[in-house]
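The values are calculated or read from the model by the stated rules, or taken from the named source; none is laboratory data. Every value quoted in this text rests on a predicted model; they were computed, and no experiment measured them. When we count neighbours, we look across all protein chains shown, and the Cβ atoms used for this are built from the backbone with ideal geometry, even at glycine. SASA here: full protein model, heavy atoms, side chains in, ligands and nucleic acids out. Shrake-Rupley method; radii C 1.70, N 1.55, O 1.52, S 1.80 Å.
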Amino acid sequence: LIDLDPHQLGAIPAGGGWSIKDHLAHLAVWVSSAAAIVAGESRPAAMGVDEGVWAEHDEDAINAAIEAAWRDRPALD
């Protein structure tokens with residue numbers, strides 16, 4: 001990954017779906033969730049997900065909220 005430029009990291013694959021940066025953001029947010037569990041903190045807060053979305057227990061909605069929050073961030077920040 002280190003050799004990829006921002007365009008490559010942010011490119012949406014043919015047929016749609018998540019870019020590499022989207023997948024990396026997704027993994028980072030879920031790691032933050034695990035750290036919150038260990039620390040006894042709020043998982044939704046650690047993930048930046050609204051409590052109402054979290055309360056629905058809908059992983060697709062949670063993942064969509066994560067994607068929306070990270071979508072416009074540059075690949076290399």
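Out of region 61-77, which residues are under 12 Å from the mean Cα position of the chain (by Cα), open to solvent by 50 Å² or more (accessible area, probe 1.4 Å) and of a type outside the set (Gly, Ala, Ser)?
Trp70, Arg71, Asp72, Arg73
Could you please give the count of residues in region 19-77 that are assigned to a loop (DSSP other than H, G, I, E, B) and either within 25 Å of Asp5 (Cα to Cα) or in contact (Cβ under 8 Å) with a residue 24 or more places away in the chain (or both)?
Going through region 19-77 one residue at a time, the tally reaches 8.
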